[in-house]
1. May I ask you to say which residue of PHE35, PHE55 is within 14 Å of PRO95 (Cα to Cα) and under 16 Å from the mean Cα position of the chain (by Cα)?
2. Only one of these conditions is not met by GLU20: (1) of a type in the set (Asp, Glu); (2) surrounded by fewer than 18 Cβ atoms within 10 Å (Cβ to Cβ); (3) touching a residue at least 60 places away in the same chain (Cβ under 8 Å). Which number is it?
3. Restricting attention to region 66-89, which residues are open to solvent by 10 Å² or more (accessible area, probe 1.4 Å), of a type in the set (A, V, I, L, M) and in a strand (DSSP E or B)?
4. Looking at (1) farther than 11 Å from VAL207 by Cα; (2) in a helix (DSSP H, G or I); (3) in contact with a strand residue (DSSP E or B) (Cβ under 7 Å, 6 or more places away or on another chain), can you tell me which one PRO121 breaks?
5. Can GLU109 be described as more than 30 Å from ASP198 (Cα to Cα) and either in contact with a strand residue (DSSP E or B) (Cβ under 6 Å, 6 or more places away or on another chain) or among the basic types (Lys, Arg) (or both)?
6. Provide a single number: the residues in region 51-65 that are open to solvent by 40 Å² or more (accessible area, probe 1.4 Å) and of a type in the set (Phe, Trp, Tyr).
7. Is there a residue in region 32-50 that is closer than 29 Å to ILE133 by Cβ, of a type outside the set (D, E, K, R) and surrounded by fewer than 17 Cβ atoms within 10 Å (Cβ to Cβ)?
8. If I ask for residues that are under 19 Å from the mean Cα position of the chain (by Cα) and open to solvent by 40 Å² or more (accessible area, probe 1.4 Å), which ones from region 132-155 would you list?
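The values are calculated or read from the model by the stated rules, or taken from the named source; none is laboratory data. These figures come from a predicted structure and were not determined experimentally. Note that each Cβ is placed from the backbone with ideal geometry, even for glycine, and that neighbours are counted across all protein chains shown. In case anyone asks, the SASA skips ligands and DNA or RNA and just uses the protein heavy atoms, side chains included. Shrake-Rupley method; radii C 1.70, N 1.55, O 1.52, S 1.80 Å.
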Amino acid sequence: MNHNNPYQPIPCQVEEIIEESPNIKTLVLLPSEDFSFNAGQFVSLTVPGVGEAPFTPSSSPFALDTIEITIMKAGKVTSAIHSLKKGSMLGMRGPYGNGYSLELFKKKEILLVGGGVGLAPLRSLFLALLHQISEYKQILFCCGAKTPQDYIYKDQVFNEWLSLCENLPLRMRLAVDKEDDAWDYMKGVVTCTLDNPDMDVHKGIAVVCGPPVMMKFSTLKLLDLGFPEENIFLSMERKMYCGIGHCRHCMVGPYFVCKEGPVFSYRMVKEEASLWA
C-alpha cells in the first residue's frame, strides 16, 4: 500500500487470462513492485477511464511473483476487466482488511464450503493451508456449482486437488444443482455436502464463502451440526468498497468490512439485520 497516498494504485500487467466459465475469468497479474497479501484480504483494481472495484485474490499468498484474481462479469468495471487482453495494464491498491488467522487453525480439523465464484477467496485459503498442511489435522473442502460447466478451476478441482486426497489429510465433496450424464459426484445444493462431515465439529473450524443465500443456509446447517459460533468464519467480501474506512458503504453493524473484515466469525455479526443482504 502507498502510505503517502492510499488511493494511488500500483501498475500491474495482465500476464495471462484464464476462462473459468462463461462469465468468470481469472487474471494473472504482474505487479510493478513487490506485493504481498494474506489469504482473505482484498485489493481494489482500477481500469483507467472506467473505475475501480474490490476483489479478493484467488492465488496462494505464498506465490509472490504474480497475483491471480478471479472475476465474474456483473457490471461496468467487471465488464471492462473482462475485455482486457494479455499485456493490458491496470492499477491495484491494497491489500486491505484482515484475512484468515492461520495460527488459529493449527492443529484443528477444517471445513471449507464455497459455491460459485465464492470458491475464489477459498482457493487462496486452501492453497495456503496446503502449503503448510502438516500443521492441520485434516481438511474437508466442500464445493458447489449450478452445473458441471459452471465450476471454476476445473483442471485443479477435478485433477490436481482430488488426486491429493490419496496422500494427504484432505477430503473433497463436490456437488451440482443440475447434473449431466458425465457427473460422478453429489447432486444438490452445496449444503448437501455438509451431511455427516465425519469430523469433531465441536472443535473444528468452518469457513463459508459464496452468494448470500448459500452462506445463510450453510451457516445454519453448520450450527445445527454443532460448530461453535466463534469457529464459523464468513467472508463478507461482497460488501467491500473503498478499502480504508472512509465511505462507510461497507458497514455491517458497528464494523467496517474493509478494515475489520472481510473475514468475521459468525458470533461477531450474527445479530446484524443486513448480514445476508
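1. Details: PHE35 fails: under 16 Å from the mean Cα position of the chain (by Cα).
From the options PHE35, PHE55, the qualifying one is PHE55.
2. With (1) of a type in the set (Asp, Glu); (2) surrounded by fewer than 18 Cβ atoms within 10 Å (Cβ to Cβ); (3) touching a residue at least 60 places away in the same chain (Cβ under 8 Å) applied to GLU20, the lone miss is (2).
3. MET72, MET89
4. So PRO121 meets the others, but not (1).
5. No.
6. If we filter region 51-65 for residues that are open to solvent by 40 Å² or more (accessible area, probe 1.4 Å), which is where we start, we get 52, 62-65.
Among the residues that remain, those that are also of a type in the set (Phe, Trp, Tyr) are: 62.
Residues flagged as open to solvent by 40 Å² or more (accessible area, probe 1.4 Å) and of a type in the set (Phe, Trp, Tyr) within region 51-65 amount to 1.
7. Of region 32-50, the ones closer than 29 Å to ILE133 by Cβ are 34-43.
If we keep only those that are of a type outside the set (D, E, K, R) too, we end up with 35-43.
Next, from what is left, pick out any that are surrounded by fewer than 17 Cβ atoms within 10 Å (Cβ to Cβ): 36.
Checked region 32-50: at least one residue is closer than 29 Å to ILE133 by Cβ, of a type outside the set (D, E, K, R) and surrounded by fewer than 17 Cβ atoms within 10 Å (Cβ to Cβ).
8. GLN132, LYS146, ASP150, LYS154, ASP155
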